[in-house]
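Nothing in this text is a laboratory measurement; each read-out follows from the coordinates by a stated rule. Remember, it's a predicted structure, so these values are computed and weren't measured experimentally. Note that each Cβ is placed from the backbone with ideal geometry, even for glycine, and that neighbours are counted across all protein chains shown.
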Amino acid sequence: MGEKKEIKALDLKKRLRNRFYEKYYADRDLLHKNASKAMQNFLRESPQKHPNS
């Protein structure tokens, strides 16, 4: 009986961790997309400030 409880707890931890990582990576991807989009807009709007790009 004790073993089953431990396995259940581990399973729950794993599931919570997976959910956390899914959310984390989804948020990170979204941030990355938004950041690169903002950067592109910024570079497009001010080419004179960025002669190297």
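Here are the numbers for this structure:
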| item | result |
| --- | --- |
| Those trypsin sites (Lys or Arg not before Pro) in region 1-46 that DSSP places in a loop and that have at most 13 other beta carbons within 10 Å | none |
| Additional length obtainable on full extension of the chain from Lys23 to Ile7, 0.36 nm per residue less Cα span | 3.3 nm |
